[in-house]
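**Q** One structure, as structure tokens, below. Some questions next.
The values are calculated or read from the model by the stated rules, or taken from the named source; none is laboratory data. Keep in mind that this is a model prediction, so the values were computed, not measured. In this analysis, Cβ positions are derived from the backbone assuming ideal geometry, glycine residues included, and neighbour counts consider all displayed protein chains.
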Amino acid sequence: MAAMKSEKDAIKQSAQGAEPEKKKRHPFSWVLSSYVAMGIPYAMVIWVSGTLFKDLGHSDGEITVAVASIGIVWSLKPFWAGFLEMFKTKKFFVLSMEFVIGILFCLMGLALYLPGYFALIIGLMWIVGIASATQDICCDGIYITALKKKDQAQYIGYQSMAWNTGRIIAQAAVVYFAGILQAKMGMSVKASWMASLVGSGVLMAVFGLYHMVMLPTGSVPVEKKGRTPRQIIGEFLESAGDFCNKRSLWGMLAFVFFFRSSEGLLLVEAPLFMQGCLEDGALQLSLVDKGTIDGLVSTVVSVIGGILGGMFIARYSLKRTLFVLALCVNVPNATYLYLSYAVSPDNPLSFMHISFLVSLEKFFYGFGFVGNMLYMMQQIAPGKFKMTHYAFATALMNLILVPTQMVSGPMADSMGFKPYFLFVMVACIPSLIAAWFAPFPQLKSPNEDVAVDDDSLLDDEDRKVQAASKRANIYTILAVFLFLMLDVLTLGWLSGAKSGGALVFFYGLLGVSTFFKIILAAKGVSAGMSALKSAKGYQGGKAYLSNAKGAMIAGAVMLIVSGILSWYCIDKAKTTDWDCAFSDNAAQCLQPHAGETKQCRVKEVKR
């Protein structure tokens, strides 16, 4: 327990979190391993679980709604990120979560043999998501606080490379291993996946043991005694309020929110498209081929792309390259559109053909994605609450992925793959617009911890506008969070409701949520108008007017969304067969295809 003792010593050593010089290690000794360990659980939940359930015969719609809903956990990070800065050290939480995730993977494997395994594994994956999100917060916190700003940029490409290596381990090694056990060893689907999941759990424990020795502490909290829960919550609210007071907030949030707008439509559905049946217009790859292409080959080139992307940014600066990086992330999505048109039952595509095109898309994705992470680190995170504000940014980034992933399966099922991937290309447009207009409020700051404009220089009129803009931001962001965190999940679960009681509960939940969204959005619009009114007639307060305008626009959008949801609930209540919903046959009546599984015709894909 020497490692745990060193945690206490580190806390006592410095109120500022400066790590003793002798404890510092070369970044390569921990950046790579920590981000590999971060990538594995996320990939297991978001990607590998879909392959698992698809292999067991579940439909795309059933898979994406259940799996994508777990992604909301990574968006809830800000609600506990602040508390992680108050107790123990970041290293303590990283180690704890890695061991917990390892145990949960083993339990998921054992759950395959229990009745109702689908719901049980989804429940365990929710816990994995919470642990993984906590691990993410603290790993990012160590990266931000243990490295200087120059080093952050230098190692950002390697960070991305390491995270994608974790994805390789999950998508390639785990899936490939399950496929080999089935094809070569003759094991059943459940037995092969149980072995793969248990192996993943053991691997996470190995990372935990390694990081007990190699992972730096980063900044540590000041040891404080006698603190009340009210004081702790007050500090968290202070960090949240400080986030809502950032200059050019809505411009930065627009970038974070939309940069990956089309990616969410591919994250879960593209691997299912590769695994789906030829007669349905999919590629029908075996588990071994899919693990090789989607996990190993394509991810290796995305790692190379990430390194080159980091070098590209370091040479030409993030501001000058951001739009180019957005093009790299989005335009290569056209490879899936081509594949959907090229494949047919009579013309299965070769392994090399598919491998080249998917890898091409992944290379450019890796190249452009580093810009997204570096933008959040250097433009949004700087300030008093670095780790918490970075968690806010990554949470908002993840919010756009949850609804797009949830609808991807049902949309692909109903539209067919060709129209669906055409729609994905249209969804790239918001990302390009957001990158073109992304603000850089920290660009000229000589100190990464100090904003470009010093708030201490504001006069009374400036502060009046600032306060009104901050209120507008708080109200509107709460309305947006309520919609994307509660309403999106509710709509997803509503689509799988199998009883009248569940329908009533979810419709009621949407109604209550809509009521509060209307109040919050209206207050946000009102506060924004107050800020604009206060700024008239003098030159002060201009720095915060963009926030007021952004809050008004977002508030108006939330009012429109609330109206649409109200109409949706009323219409569904009128058209639902309530006699059926409350009958003994409700599950079959409401979800007539829920229990169906499908197996593809045996057909070898050309090599």
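**Q** Taking ALA543 as the residue in question, decide whether it is assigned to a helix (DSSP H, G or I), in the same structural domain as GLN466 (by TED's automatic domain parsing) and modelled with pLDDT under 70.
**A** Numbers: assigned to a helix (DSSP H, G or I): yes; in the same structural domain as GLN466 (by TED's automatic domain parsing): yes; modelled with pLDDT under 70: yes.
The answer is yes for ALA543.
**Q** Please work out if PHE369 is out of contact with any Phe, Trp or Tyr (no Cβ under 8 Å at 6 or more places or on another chain) and either within 26 Å of TRP250 (Cα to Cα) or among the aliphatic types (A, V, I, L, M) (or both). Let's see the steps before the verdict.
**A** Values: out of contact with any Phe, Trp or Tyr (no Cβ under 8 Å at 6 or more places or on another chain): yes; either within 26 Å of TRP250 (Cα to Cα) or among the aliphatic types (A, V, I, L, M) (or both): yes.
When the stated conditions are applied, PHE369 passes them.
**Q** Check GLY281, GLY251 and return the single one that is under 22 Å from PRO419 (Cβ atoms) and touching a Ser or Thr at 6+ places or on another chain (Cβ under 7 Å). Full working, then the answer.
**A** On the way: GLY251 fails: under 22 Å from PRO419 (Cβ atoms).
Exactly one of GLY281, GLY251 is under 22 Å from PRO419 (Cβ atoms) and touching a Ser or Thr at 6+ places or on another chain (Cβ under 7 Å), namely GLY281.
**Q** Now for a different question. Could we say that THR394 is hydroxyl-bearing (Ser, Thr, Tyr), modelled with pLDDT under 85 and in a helix (DSSP H, G or I) here? Lay out the reasoning, then the answer.
**A** Working: hydroxyl-bearing (Ser, Thr, Tyr): yes; modelled with pLDDT under 85: yes; in a helix (DSSP H, G or I): yes.
Yes; evaluated as a whole, the condition is true for this residue.
**Q** Could you identify the single residue in ALA395, ALA427 that is surrounded by fewer than 23 Cβ atoms within 10 Å (Cβ to Cβ), within 18 Å of the chain's Cα centre (by Cα) and in the same structural domain as GLY50 (by TED's automatic domain parsing)? First the steps, then the outcome.
**A** Details: ALA395 fails: surrounded by fewer than 23 Cβ atoms within 10 Å (Cβ to Cβ).
Of ALA395, ALA427, the one residue that is surrounded by fewer than 23 Cβ atoms within 10 Å (Cβ to Cβ), within 18 Å of the chain's Cα centre (by Cα) and in the same structural domain as GLY50 (by TED's automatic domain parsing) is ALA427.
**Q** Filter segment 401-424 down to the residues that are out of contact with any helix residue (DSSP H, G or I) (no Cβ under 6 Å at 6 or more places or on another chain) and small (Gly, Ala, Ser), then identify the one that is surrounded by the fewest Cβ atoms within 10 Å (Cβ to Cβ).
**A** SER414
**Q** Same structure again: Give segment 550-607 a look and list any residue that's outside the structural domain of LYS470 (by TED's automatic domain parsing) and either at pLDDT 80 or above or among the basic types (Lys, Arg) (or both), or say none.
**A** LYS598, ARG601, LYS603, LYS606, ARG607
**Q** Assigned by TED's automatic domain parsing to the domain that holds LEU52, modelled with pLDDT of 85 or more, crowded, with 23+ Cβ neighbours inside 10 Å and part of a helix (DSSP H, G or I), is that true of LEU265?
**A** Here the answer is yes, as LEU265 does meet what is asked.
**Q** Give the number of residues within segment 492-505 that are at pLDDT 80 or above and surrounded by 19 or more Cβ atoms within 10 Å (Cβ to Cβ).
**A** 2
**Q** Still on this structure, I have one more. Criterion first (closer than 30 Å to TRP126 by Cβ and either at pLDDT below 90 or touching a Phe, Trp or Tyr at 6+ places or on another chain (Cβ under 8 Å) (or both)) does GLY511 satisfy it?
**A** Details: closer than 30 Å to TRP126 by Cβ: yes; either at pLDDT below 90 or touching a Phe, Trp or Tyr at 6+ places or on another chain (Cβ under 8 Å) (or both): yes.
Considered against the rule, which asks whether it is closer than 30 Å to TRP126 by Cβ and either at pLDDT below 90 or touching a Phe, Trp or Tyr at 6+ places or on another chain (Cβ under 8 Å) (or both), GLY511 comes out as yes.
**Q** Now for a separate question. Which one of these does THR292 not meet: (1) under 21 Å from the mean Cα position of the chain (by Cα); (2) at pLDDT below 90?
**A** (1)
**Q** Going through VAL329, VAL343 one at a time, which residue ends up being within 18 Å of PRO271 (Cα to Cα) and more than 26 Å from the chain's Cα centre (by Cα)? If you could, list the steps in order and put the result at the bottom.
**A** Values: VAL329 fails: more than 26 Å from the chain's Cα centre (by Cα).
The conditions single out VAL343.
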